[in-house]
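The values are calculated or read from the model by the stated rules, or taken from the named source; none is laboratory data. Predicted model only: the values in this text are computed from it and were never measured. So basically every Cβ, Gly included, is an ideal-geometry build from the backbone, and we count neighbours across all protein chains shown. Accessible surface is based on the protein model in full, side chains and every heavy atom, while ligands, DNA and RNA are left aside. Shrake-Rupley method; radii C 1.70, N 1.55, O 1.52, S 1.80 Å.
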Amino acid sequence: MAKGKINVAVENIFPLIKRFLYSDHEIFLRELISNATDATLKLKHLASIGEFKGDADNVKLEVKIDKEGKKLHIIDQGIGMSKEEVKKYINDIAFSGAEEFLEKFKDEKNDAGIIGHFGLGFYSAFMVAEQVEIHTKSFVEDEPAAHWICDGSPEYTLKNSEKKDRGTEIILHIDEDSLEFLEENRINELLNKYNKFMPVPIKFGTEEVADPEHEPKTIKDEEGKETKEPQKMITVDRIINNPNPAWTKQPSDLKDEEYKSFYRELYPMQFEEPLFHIHLNVDYPFNLTGILYFPKLTTNMDVQKDKIQLYQNQVFVTDNVEGIVPDFLQMLRGVIDSPDIPLNVSRSYLQADGAVKKISSYITKKVADKLSSLFKNDREGFEKKWDDIKIVIEYGMLSEPKFFEKAQKFALYPTTKDEYLTFDELKDKIKAAQTDKDGNLVVLYASDKEAQHGFIEEANEKGYEVLLLDSPIVSHLIQKLEGDGDKVKFARVDSDSLEKLIQKEEDQVSKLSQEDQDKLKGYIEEIVPKEKYTVQLEAMDSKSSPFIITQPEFMRRMKEMQQTGGGGMMGMGGFPEMYNLVVNTNSDLMQKILKAKGKRTEYINQALDLARLSQNLLQGKEMTDFIRRSYELMNN
Ligand code: ADP
Ligand code: MG
């Protein structure tokens, strides 16, 4: 028996380990299972090159709880270690690895986003155990088994072990303050979180299942009735993981249904099917596999849970993929798996890392390509999905210039008549009718088909197209599209009279003399509240509405952008609710208002209220007054 002292520079490494990332104590299990998996995969590799002659196919790991003994066992059938190897790998290398790790990050707990996910390795066992034992037997024949014991001080014991079969068993003597790790439910939860897709089967307990060999016969009971005899049950290992998850397979080997069932496996609580998936698969200049899903996002904006999961060689790392996946794609779901993402680094480092940048732009490109091919190959299907995916695409267009470029070809602009046009198609379609006298192409849009119904109708009657743009970030997107040059202007249908929105060469002549116009303006301003409405006379089509309430495009857009967070508008808070009251001087009603004596006030109020009504601005007492006045006017 040998007693030894671990090579220490930092005597107090164990207390440090205990303190390290308190909330992350649970990662010890992932670390030990990762080691057991590595050892098993090494054995499989040796078998594949003929260095190991035994059975490397039916190997598995096991996690076992001994509640009474307060022990947790992690057992593998991998390559094992000789005594010399334990000295080398556990005492020297693993220890110095852990030491270096802690030395580097002990002051950076607050930036622990990704730090702490990996790197502590074998010694993370001491976060939960007061003593750790290793029984291990090498795959090399005749190599005696070794038994290592360490109680958390730098001293250890290394002697021969009785272990007969190949592999390694780690025994953790669980600390009084970590007894949770002796609870079956807790271990189950951890295995499910970190090891659900590990490449080697993991046994945790046993379960009763129907014996596949036993086909229950039909028998007669005492009364002569036919029944089936009871199914014979057998006890089998309970395997907690799926060692061959979909993302590790070739896209050509997977059917649509398999992608969907993998989605359910990832998110058992999601009942909505994904809209489509993107299989990621590169090995140069970095390694990355994965499957991303576009979920339906319209009804449920809850993207907090069920996020994209990051794996490293099938080991779960985190579901915070900030910095790795571009912001706008964090609304997607699925898995990415890459050994090339440095994990024991801070987020700020991650964002500056060249490989990670490449990964992020690769993902962006793949998503753009997929959308583009869906658009090209099945335009109708793409249009049907548009409302569910537009948020992601519009957000991407705003935040990633490269994506914007590609998306220009497939981003859709639906009209109020349910036609879905690309931007180029739209421009072609409206060019003739909607170019104003200065050569600007004016794109009319509505944000709410019901509320702006009257305005949409009038525009359609004039032969104008009206888009329906109702996502929350649309004002930002419009700003960007306008900024791209090309003399394109967007205007919401209710932001001014159509004559003003799309000004043509020929000015409408006013039927009213200047004198009458001044009089009319005076009458109206006397009655209409000044702090709310600016009266604006305009010679319009005589068939257009007499009074129109509008809110200037600029004001409304600034306000919207402020609400959804936009740069450059700091300190512009608190816009007053101000409207324009556009008065159509060519409407016959104006003659009536000018000539009326006793009823002028009623007429003006009535016309104002009708304009407000069409904008949904009439409520409460004002509504009641309006209804009363309407009846009175009918009776007179
Ligand atoms: P890492 O896994 O990053 O190498 P660890 O501290 O987790 O660091 O492990 C140190 C070393 O100990 C491993 O590289 C391996 O050589 C050895 N080791 C740990 N666990 C096992 C095991 N279950 N079977 C065989 N070797 C192991
Ligand atoms: Mg390890």
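Give segment 120-153 a look and list any residue that's within 14 Å of ligand 1 (Cβ to nearest atom) and of a type in the set (Val, Ile, Thr), or say none.
Val132, Ile134, Thr136, Val140
Taking interchain pairs and intrachain pairs at least six residues apart, which have beta carbon atoms under 6 angstrom, with the first residue in segment 281-301 and farther than 17 Å from Lys357 by Cα and the second modelled with pLDDT under 90 and part of a loop (DSSP other than H, G, I, E, B)?
Lys296/Glu272
Residues being open to solvent by less than 30 Å² (accessible area, probe 1.4 Å) and within 21 Å of Tyr194 (Cβ to Cβ): count how many of those fall in segment 30-60.
10
Which count do you get for residues in segment 239-263 that are under 19 Å from Asn188 (Cα atoms) and not in a loop (DSSP other than H, G, I, E, B)?
Adding up the residues that qualify gives 1.
Cβ-Cβ below 6 Å, separation at least six or inter-chain, first residue in segment 79-90 and open to solvent by less than 60 Å² (accessible area, probe 1.4 Å) and among the small types (Gly, Ala, Ser), second near ligand 1 (Cβ under 8 Å from one of its atoms) and not in a helix (DSSP H, G or I): which pairs?
Gly80/Thr136; Gly80/Gly167; Gly80/Thr168
Would you pick out the residues in segment 89-99 that are over 16 Å from Glu133 (Cα atoms) and more than 7 Å from ligand 1 (Cβ to nearest atom)?
Asp92, Ser96, Glu99
Answer yes or no as to whether Glu68 is modelled with pLDDT of 85 or more and either within 13 Å of ligand 1 (Cβ to nearest atom) or open to solvent by less than 80 Å² (accessible area, probe 1.4 Å) (or both).
When the stated conditions are applied, Glu68 does not pass them.
Just to be sure, is Val236 in a loop (DSSP other than H, G, I, E, B) and closer than 30 Å to Glu26 by Cα?
Considered against the rule, which asks whether it is in a loop (DSSP other than H, G, I, E, B) and closer than 30 Å to Glu26 by Cα, Val236 comes out as no.
What's the number of the condition Tyr464 fails, among (1) surrounded by fewer than 22 Cβ atoms within 10 Å (Cβ to Cβ); (2) modelled with pLDDT of 95 or more; (3) assigned to a helix (DSSP H, G or I)?
Looking at each condition in turn, Tyr464 falls short on (3).
Count, please, the residues in segment 146-178 that happen to be open to solvent by 60 Å² or more (accessible area, probe 1.4 Å) and part of a helix (DSSP H, G or I).
Going through segment 146-178 one residue at a time, the tally reaches 2.
Please go through segment 67-101 and give me each residue that is within 14 Å of Asn35 (Cα to Cα) and away from ligand 2 (no atom under 15 Å from the Cβ), ordered by number.
Within segment 67-101, His73, Ile75, Gln77, Gly80 qualify.
Assuming Pro339 fulfils every condition listed in (1) surrounded by 15 or more Cβ atoms within 10 Å (Cβ to Cβ); (2) farther than 30 Å from Asp470 by Cα apart from one, which condition is it?
With respect to (1) surrounded by 15 or more Cβ atoms within 10 Å (Cβ to Cβ); (2) farther than 30 Å from Asp470 by Cα, Pro339 is out only on (1).
Could you identify the single residue in Phe316, Phe294 that is open to solvent by 10 Å² or more (accessible area, probe 1.4 Å) and assigned by TED's automatic domain parsing to the domain that holds Tyr259?
It is Phe316.
Give the residues of segment 138-180 that are within 44 Å of the chain's Cα centre (by Cα) and at positive phi, sorted by residue number.
Gly152, Gly167
So the check is Cβ under 8 Å with 6+ separation or different chains; which pairs have a first residue in segment 541-560 that's more than 18 Å from Glu457 (Cβ to Cβ) and a second one that's open to solvent by 40 Å² or more (accessible area, probe 1.4 Å)?
Gln551/Met578; Met555/Phe575; Met555/Met578; Arg557/Gln479; Met558/Met572; Met558/Phe575; Lys559/Phe575
Looking only at residues in segment 486-507 that are open to solvent by 30 Å² or more (accessible area, probe 1.4 Å) and more than 20 Å from Thr550 (Cα to Cα), which one is modelled with the highest pLDDT?
Taking the candidates together, the pick is Lys487.
Let me spell it out: the conditions are (1) within 16 Å of ligand 2 (Cβ to nearest atom); (2) within 18 Å of Ser96 (Cα to Cα); (3) modelled with pLDDT of 90 or more, and Ser124 meets all of them except one. Which number is the exception?
That leaves (3) as the condition not met.
Among the residues of segment 203-226, is there at least one that is within 16 Å of ligand 1 (Cβ to nearest atom), over 18 Å from Ile27 (Cα atoms) and of a type in the set (Val, Ile, Thr)? First the steps, then the outcome.
Of all residues in segment 203-226, those within 16 Å of ligand 1 (Cβ to nearest atom) come to 203.
Adding the requirement that they be over 18 Å from Ile27 (Cα atoms) leaves 203.
Now narrow it down to the ones that are of a type in the set (Val, Ile, Thr): none.
Within segment 203-226, none of the residues are within 16 Å of ligand 1 (Cβ to nearest atom), over 18 Å from Ile27 (Cα atoms) and of a type in the set (Val, Ile, Thr).
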